[in-house]
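Undergrad: Have a look at this one.
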Amino acid sequence: MIASITGTPGTGKSSAGKILASRGHRIIELGDFVKEKGLYDSYDEERGSYNVDPEVLDAALRKCLAGDPVLLIGHLSHLVTTDIIVVLRCRPSVLARRLESRGWGPEKVRENVEAEALDVILVESVESSSDVAEIDTTELTPEEVADAVERVLAGEKEKYGVGNVDWSGEVLDWF
């Protein structure tokens, strides 16, 4: 099984991924994979990120994976071929604090908080042919997030079904 652990930056993907790796899961951090394999087209100085063609990334992963079970960690992982996509979510106000604590500038924080509030990654995930689950990480420890991911992978989907996370109340407070 190939599973994608995705979400807006700051939702807990890497932290949960480290714990899942310590529990014996094979993990590929897509950001590292892209850099190691030189799969980026260019570097966006303004955003501080690499520009990656998802089709090129998908083809490179297909060559490396050979059907082995793996968890793909990264905010682009929902754009490649997987069996299941687990979208990590975080309340926008909490996400903003997390990103600010990383030293991110106001424009980059705003862009990512808006993406989370508008369900951008969730919508892109649902448009794929993979099964999709979503986990609200706002008040979970990284260990609890890893536990929830393992429950989803074991087949517990009702609690983590698409639509269980809703930030509309918080977004309405912005106006």
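Undergrad: Calculate the dipole size of segment 114-175 relative to its Cα centre from +1 charges on Lys and Arg beta carbons and -1 charges on Asp and Glu beta carbons; express the result in debye to the nearest 20.
TA: 220 debye
Undergrad: Run down the lysines and flag those whose C-alpha is under 20 Å from the C-alpha of LYS18, throwing out any fewer than 8 positions away in its chain.
TA: By straight Cα distance, LYS18 reaches LYS35.
Undergrad: For segment 61-108, just say rounded, prolate or oblate: build the C-alpha gyration tensor, square-root its eigenvalues into a ≥ b ≥ c, call rounded for a/c under 1.5, and beyond that prolate if a/b exceeds b/c, oblate if not.
TA: The shape class here is prolate.
Undergrad: Hey, another quick one. Convert 25 °C to kelvin, take the viscosity as 0.890 mPa s, use the Kirkwood radius over C-alpha pairs of segment 113-175 as Rh, and evaluate the Stokes-Einstein diffusion coefficient in µm²/s, rounded to a whole number.
TA: 190 µm²/s
Undergrad: Now for a different question. Out of the total accessible area of segment 6-163 (probe 1.4 Å, heavy atoms of protein only), what percent is carbon and sulfur?
TA: Carbon and sulfur: 47 percent of the exposed surface of segment 6-163.
Undergrad: What translational diffusion coefficient, to the nearest whole µm²/s, does segment 81-148 have by Stokes-Einstein, given a Kirkwood radius computed over alpha-carbon pairs, a temperature of 37 °C and 0.692 mPa s viscosity?
TA: Once the numbers are plugged in, D ends up at 253 µm²/s.
Undergrad: Moving on. Over the chain, give the accessible area per residue in Å² for a 1.4 Å probe, as an integer.
TA: Dividing the accessible area of the chain by its residue count gives 53 Å².
Undergrad: Report, to one decimal in Å, the Kirkwood hydrodynamic radius for the chain based on all distinct Cα pairs.
TA: One decimal place: 16.5 Å for the Kirkwood radius.
Undergrad: Here's another thing I want to ask about it. To the nearest µm²/s, what D does Stokes-Einstein give for segment 19-84 at 37 °C and 0.692 mPa s, using the Kirkwood radius over alpha carbon pairs as Rh?
TA: Answer, rounded: 259 µm²/s.
Undergrad: Still on this model: Ranked by accessible surface with a 1.4 Å probe, highest first, in what order do ASP147, ASP58, ASP41, ASP131 come?
TA: ASP41, ASP131, ASP147, ASP58
The values are calculated or read from the model by the stated rules, or taken from the named source; none is laboratory data. Model, not experiment: these values are computed from the prediction. Quick reminder, even Gly has a Cβ in these numbers, built from the backbone with ideal geometry, and neighbours come from all protein chains shown. All accessible areas refer to the heavy atoms of the entire protein, side chains included, with ligands and DNA or RNA removed. Shrake-Rupley method; radii C 1.70, N 1.55, O 1.52, S 1.80 Å.
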